[in-house]
Amino acid sequence: MPYNFFAENVFNPEITINSGQVFLWEKLDHTWYGTYGNHILKISQLPFEQFYSDTGNRDNVIAIRKYHFESFPEMHNWQNWVFRLDDDIPEIFSCLSSDPLLAKTMSRGYGLRIMRQEPCQCMVSFVCSSNTNIMMIRKMLRNLSKKFGRRLSVDGRDFFTFPSIKTLHEAEISELRSCGVGYRAKAIKAVAKSIVNHDLDISSLSNDSYYEAKNALLRIYGIGNKIADCILLFSLDKLEAFPIDVWIARALERHYKSVIETDFNNITLRPDSKLTPFQYVRISEIMREYFGRYSGYAQQYLYYYIREAEGLKW
DNA sequence: GTACAGGCAGTAT
DNA sequence: ATACTGCCTGTA
């Protein structure tokens, strides 16, 4: 099944699932299924309901798509948590729209959300993301779930929850590698170990500052700047994080060169869009200052924009 | 066969 | 601080 649900509207048009951040969602027969740690989430589309506008003008018919949310086991009102419905999108829009490119992109992709992921799943997911592509990441995570997760039957179909950290910690490197994760197996174990041993207190990280939490993550083998920023943004509520992958680096090179390459900053972007660790930290700082406390949303819109603009294969 | 894909760690300079 | 290297695995 082709993987093409990038930026598909889930609640037309208020909310969008973005495959760039959530790897274990799939759509089957107009229904979305997703993995949130130990839970399987389900979104079903209901038939369109038609309304006449309040003017009573019969030509002015509005079709509204409604959705039904379920979870296994039951998690009350999970959609509010997972889709961050408390984020004030109009406020975020007004904060970011002083930048012309973002104003344009946000208008077009209005509704793109940052989904809140289960932290342990998020850590493992992005550890798997290094030096590979989205298709491969999805495959790795599906294999891990199938081998180490819990089987759950939903709508007569088998789903697998995400493996617990304890299970991953106890797994042999060779077993992890059998899931196709390659050399990342060592890093997966390192993540699991740091949580099991309480070297990393995952539950406190969202209360810590961006820098404190990031430094804690960076101590773990296999987690560098980019992966740490993804974990912070997608599971630890650090909306000020600005992960820079090669795509974002390309977007910056095309559209934000003047913001970055100033005499004061003394930075020169390389043509191949690769950053040294020092450059990463510096440029990330510059952009976080430029976009402000919702830099993470800016990053998501830029990612959305550049992948669409540069031609992409999913 | 080779290049490449949403990085990272290790080493040398 | 930067440059260079190797790394699993599947696809083009």
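Highest mean packing comes first when the peptides A:291-304, A:268-281 are listed by Cβ atoms within 10 Å, giving A:291-304, A:268-281.
The peptide list A:217-224, A:91-98, A:109-116, A:153-160, put in order of mean Cβ contacts within 10 Å with the highest first, becomes A:109-116, A:217-224, A:91-98, A:153-160. Compared with the alpha-carbon gap, the fully stretched path from residue A:97 to residue A:258 is longer by 56.2 nm at 0.36 nm per residue. Placing one identical point scatterer on every Cα of segment A:142-294 and ignoring solvent, what is log10 I(q)/I(0) from the Debye formula at q = 0.11, 0.13, 0.14 Å⁻¹? Debye intensities relative to I(0), on a log10 scale: -0.57, -0.75, -0.83. Report the FRET efficiency, 1/(1 + (r/R0)^6), for residue A:268 and residue A:146, where r is their Cβ-Cβ distance and R0 is 45 Å, rounded to 0.05. That gives a FRET efficiency of 0.45. Highest mobility in the GNM of chain A, judged by mean-square fluctuation with C-alpha springs under 10 Å and restricted to A:225, A:18, A:197, is found for A:197.
Remark: spin-label model distance residue A:172-residue A:68 equals 4.6 nm, labels positioned 7 Å along the Cα→Cβ axis. Cβ-Cβ distance of residue A:246 and residue A:87, R₀ of 35 Å, FRET efficiency by 1/(1 + (r/R0)^6): the value works out to about 0.85.
Using only the alpha-carbon atoms of chain A as identical scatterers, what base-10 log of I(q)/I(0) does the Debye formula give at q = 0.07, 0.16 Å⁻¹? Once normalised to I(0) and log-transformed, intensities are -0.29, -1.47. Note that segment A:292-300 has calculated 3J(HN,Hα) couplings of x, 6, 10, 4, x, 5, 4, 4, 5 Hz, one per residue in order, obtained from phi through the Karplus relation 6.51 cos²θ - 1.76 cosθ + 1.60 (θ = phi - 60°); glycine and proline are x.
Sequence-ordered 3J(HN,Hα) estimates for segment A:271-278 from the Karplus curve with 6.51, -1.76 and 1.60 and θ = phi - 60° stand at x, 7, 6, 9, 10, 6, x, 4 Hz, glycine and proline given as x. At the listed q of 0.09, 0.12, 0.16, 0.20 Å⁻¹, the Debye profile of segment A:79-235, built from one uniform point per Cα, gives log10 I(q)/I(0) equal to -0.36, -0.62, -0.99, -1.28. Residues within the reach of a label modelled at residue A:183 (point 7 angstrom out along Cα to beta-carbon, backbone nitrogen below 16 Å), restricted to segment A:128-147, are A:128-133. Phi angles of segment A:187-198 translate, via the Karplus equation with coefficients 6.51, -1.76, 1.60 and θ = phi - 60°, into HN-Hα couplings of 5, 4, 5, 4, 4, 4, 4, 5, 7, 4, 7, 6 Hz per residue; Gly and Pro are given as x. Of the candidates A:66, A:27, A:226, which one comes out as most mobile in a Gaussian network treatment of chain A with C-alpha springs shorter than 10 Å? With Cα springs under 10 Å in chain A, the top fluctuation among A:66, A:27, A:226 is at A:66. Each of A:308, A:289 was scored by other Cβ atoms within 10 Å of its Cβ. Listed from fewest to most, they are A:289, A:308. Springs between alpha-carbon atoms under 10 Å, Gaussian network over chain A: tell me which of A:106, A:123, A:135 tops the mean-square fluctuations. Looking only at A:106, A:123, A:135, the biggest GNM fluctuation is shown by A:135. Excluding same-chain neighbours fewer than eight residues apart, the lysines reachable from residue A:66 by a Cα-Cα span under 20 Å are A:27, A:42.
Every number in this text was worked out from the coordinates using simple rules, so none of it is lab data. Keep in mind it's a predicted model, so treat the numbers as computed, not measured. In this analysis, Cβ positions are derived from the backbone assuming ideal geometry, glycine residues included, and neighbour counts consider all displayed protein chains.
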